[in-house]
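The values are calculated or read from the model by the stated rules, or taken from the named source; none is laboratory data. Being a predicted model, the structure only gives us computed values, none of them experimental. With ideal geometry, Cβ positions are generated from the backbone for all residues, glycine too; neighbour counts draw on all protein chains shown.
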Amino acid sequence: MQIDLSKLLTNNVLLIDDKAFINAEFYKDTDIKGLKDIIVKGKIYNSIDEEVILELEVNGVMQLEDAYNLEIVDYPFNFEIEENLKISQNNENILDITEILWQNIVLEVPISYSKNHKDENLAGEGWELKNKETKKIDSRFAKLTELLEKGKE
């Protein structure tokens, strides 16, 4: 996402409300399978020290693999960016904030994510995941379980 800084010469504050695009090259070797609906809102202005200050709110959706069944699921994210940038004068007066957006999106990736599978008993070839209600007590540990329950009272 490129921003024309020459507009800051005429306006003290540059308001941003735009869609952003992150190239797939950024996330090709990550857990992210896709990014969509990235909206950037906020303002950009010059400080007294001649720094460019970004105050942005970013919303979007990243597509991740479900931790249980590896389906692609949408994971919404929302974060704020507050950055002070020292800008060297270049001929174009263009600020590309794609790298800043990407660095902050990476911080939002969860360790694992799944749709709500609370009430489901998941199973696959050679494995089964059961919820707490379906847990059977091994008869060899029945007496021990009974003593533990008694100790909680």
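Overview of values
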{"read-out": "Every pair of residues 6+ apart whose Cβ atoms lie under 6 Å, when the first sits in the range 1-16 and is more than 19 Å from Ile39 (Cβ to Cβ) while the second is part of a loop (DSSP other than H, G, I, E, B) and among the polar types (S, T, N, Q)", "value": "Leu5/Asn93; Ser6/Asn93"}
{"read-out": "Output for the range 15-52, where each listed residue is among the polar types (S, T, N, Q) and more than 16 Å from Ile97 (Cα to Cα)", "value": "Thr30, Ser47"}
{"read-out": "Any hit, the range 33-48, residues being among the hydrophobic types (A, V, I, L, M, F, W, C) and within 30 Å of Gly124 (Cα to Cα)", "value": "yes"}
{"read-out": "Flag for Lys41 being modelled with pLDDT under 85, surrounded by 12 or more Cβ atoms within 10 Å (Cβ to Cβ) and not hydrophobic (A, V, I, L, M, F, W, C)", "value": "no"}
{"read-out": "Which numbered condition Lys36 fails, given (1) within 18 Å of Glu82 (Cβ to Cβ); (2) in contact with an Asp or Glu (Cβ under 9 Å, 6 or more places away or on another chain)", "value": "(1)"}
{"read-out": "Residue list for the range 106-153, filter: surrounded by 10 or more Cβ atoms within 10 Å (Cβ to Cβ), part of a loop (DSSP other than H, G, I, E, B) and modelled with pLDDT under 80", "value": "Lys115, His117, Glu120, Asn121, Lys130, Asn131, Ile137"}
{"read-out": "Near pairs, Cβ below 7 angstrom, 6+ apart or cross-chain, from the range 46-57 (surrounded by 15 or more Cβ atoms within 10 Å (Cβ to Cβ)) to any residue that is small (Gly, Ala, Ser) and part of a loop (DSSP other than H, G, I, E, B)", "value": "Ile53/Ser47"}
{"read-out": "Candidate set from the range 71-87 (those that are hydrophobic (A, V, I, L, M, F, W, C) and either under 12 Å from the mean Cα position of the chain (by Cα) or assigned to a loop (DSSP other than H, G, I, E, B) (or both)); member that is nearest to Lys28 (Cα to Cα)", "value": "Phe77"}
{"read-out": "Qualifying positions in the range 88-105 - surrounded by 13 or more Cβ atoms within 10 Å (Cβ to Cβ), of a type outside the set (S, T, N, Q) and outside any loop (DSSP other than H, G, I, E, B)", "value": "Leu95, Ile100, Leu101, Trp102, Ile105"}
{"read-out": "Check on Asp29, at pLDDT below 90 and either in a strand (DSSP E or B) or closer than 30 Å to Ser114 by Cβ (or both)", "value": "yes"}
{"read-out": "The range 1-26, residues that are of a type in the set (A, V, I, L, M, F, W, C), assigned to a strand (DSSP E or B) and more than 20 Å from the chain's Cα centre (by Cα)", "value": "Ile3, Val13, Leu14, Leu15, Ile16"}
{"read-out": "Failed criterion for Ile48 (all others in (1) part of a helix (DSSP H, G or I); (2) modelled with pLDDT of 80 or more; (3) of a type in the set (A, V, I, L, M, F, W, C) hold)", "value": "(1)"}
{"read-out": "The range 58-70, residues that are free of Cβ contacts under 8 Å to residues at least 24 places away in the same chain and more than 17 Å from the chain's Cα centre (by Cα)", "value": "Leu70"}
